[in-house]
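Beneath this line is the structure, given in structure tokens, with notes to follow.
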Amino acid sequence: MALITNTIAGNAPARLFLLVHGYGADERDLGGLLPYLDAEGRYATVLPRGPLAAPGTPGFAWYEFGDVTAFEAGYRAAHDELEATFAAACDEFGLKRSEAIVGGFSQGAGLALGIGLRAATPDRAHPKCVLAMSPALPAIELLELDPLTATDVPVLIQHGTHDPLIPVKRVRELARALQGAGVPVVYLEYPMEHNVAMESLRDAREWLGRVEAGERPSEPVPDDPVELVPSVTTAQWQAEVIDSDLPVIVDFWAPWCAPCRQVAPIVESMAAMRRGSYRFVKVNIDEEPQLAQTYNVQSIPLIGLFRNGRMERQSLGAKPRQQLEAELGMLVLP
């Protein structure tokens, strides 16, 4: 079944722009970006709707979140549906696929990368470039990169340093992996969460102009900053928490939890002030449910003090720093 699409085209569009929404949105969502990305109306912009209902939202999704196998199967199915929509739109408008722009946000950005960088064939040319805003991608292997042809496709990746859903470190690693495969990548980040900013749109428009002029921009990806409160996994738990020679403050959180985002900077400030006296880590309970079950974490944010391998104290909910430190017994430096 063909995807529902919203098409916005000028009088004489010069190229196709496939723009794919993220989780919980629909085919109208990214249309509001066009006055900034295509003020002159030079594109025929195709905005498709994801085929799945997104629970808890009024919008749609491209694939469901779940275990890795289901995740990857859903990505591939969505990729194939978008590929068919892309090909049909090029035919409808009589525009060259090799001159098209493919872009998206979040789930849509991950799929745009797949469509843009997958190994080309005689009847499936690479597009002109890929715009990936806050990309979600289950695994880079899903892109099925061809190192001989993917080097022809410039990619712009934009991400927020405060994104609670997709860690900025993960997206930097994606950008580095693409560069390592020879893809010309520009990676830009902004002090925003999981969204689009005016600054990012301005930079995207400038980058598109360079690509349309024949450039293939590529810039080094910035180094990762030192994390004050690094994430730990179940596999790291024994070494990082149980066997620690320092008391450990553990922030149990999840990306969808608003109070967790409120308390995170407070925990980071504590980590900066108590360096050398305490170790600070965080646990995403969605990714590490075994740890949450072991320590009976039923509500979050839960901040726990671990000493000698066991949780001695805990504080539940977002609280001011003084109250949080008092409940954890941290008012007097050890």
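Results, tabulated for the structure shown:
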{"read-out": "Unmet requirement for Phe280, which otherwise passes all of (1) out of contact with any strand residue (DSSP E or B) (no Cβ under 7 Å at 6 or more places or on another chain); (2) buried (at least 16 other Cβ atoms within 10 Å of the Cβ)", "value": "(1)"}
{"read-out": "Pro138 being in the same structural domain as Leu18 (by TED's automatic domain parsing), at pLDDT below 95, surrounded by fewer than 18 Cβ atoms within 10 Å (Cβ to Cβ) and not hydrophobic (A, V, I, L, M, F, W, C)", "value": "no"}
{"read-out": "Verdict on Leu188 being part of a helix (DSSP H, G or I) and not assigned by TED's automatic domain parsing to the domain that holds Arg261", "value": "no"}
{"read-out": "Strands (runs of 3 or more DSSP E) (entirely within the stretch 223-334) containing at least 3 residues that are closer than 30 Å to Tyr23 by Cβ and not assigned by TED's automatic domain parsing to the domain that holds Thr161", "value": "248-253, 279-284"}
{"read-out": "Residue in the stretch 149-165 that is surrounded by the most Cβ atoms within 10 Å (Cβ to Cβ), counting only those that are out of contact with any strand residue (DSSP E or B) (no Cβ under 7 Å at 6 or more places or on another chain) and within 14 Å of Ala132 (Cβ to Cβ)", "value": "Ala150"}
{"read-out": "Single match in Thr5, Thr69 (criterion: at pLDDT below 90 and either of a type in the set (Phe, Trp, Tyr) or out of contact with any Cys (no Cβ under 8 Å at 6 or more places or on another chain) (or both))", "value": "Thr69"}
{"read-out": "Condition met for Ala213 (surrounded by fewer than 14 Cβ atoms within 10 Å (Cβ to Cβ) and more than 28 Å from Gly104 (Cα to Cα))", "value": "no"}
{"read-out": "Pro191 being farther than 30 Å from Ala14 by Cα and in contact (Cβ under 8 Å) with a residue 40 or more places away in the chain", "value": "no"}
{"read-out": "Candidates Arg313, Arg274 - the one that is of a type outside the set (A, V, I, L, M), surrounded by 15 or more Cβ atoms within 10 Å (Cβ to Cβ) and out of contact with any Leu (no Cβ under 6 Å at 6 or more places or on another chain)", "value": "Arg274"}
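Residue-by-condition table, conditions (1) within 18 Å of Ser231 (Cα to Cα); (2) touching a helix residue (DSSP H, G or I) at 6+ places or on another chain (Cβ under 6 Å):
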site: Val250; (1), (2): yes, no
site: Pro255; (1), (2): yes, no
site: Val263; (1), (2): yes, no
site: Glu288; (1), (2): yes, yes
site: Gln298; (1), (2): no, no
site: Ile303; (1), (2): yes, no
site: Met311; (1), (2): yes, no
site: Leu324; (1), (2): no, no
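The values are calculated or read from the model by the stated rules, or taken from the named source; none is laboratory data. Keep in mind that this is a model prediction, so the values were computed, not measured. Using ideal geometry, Cβ is built from the backbone for each residue, glycine included, and neighbour counts are taken over all protein chains shown.
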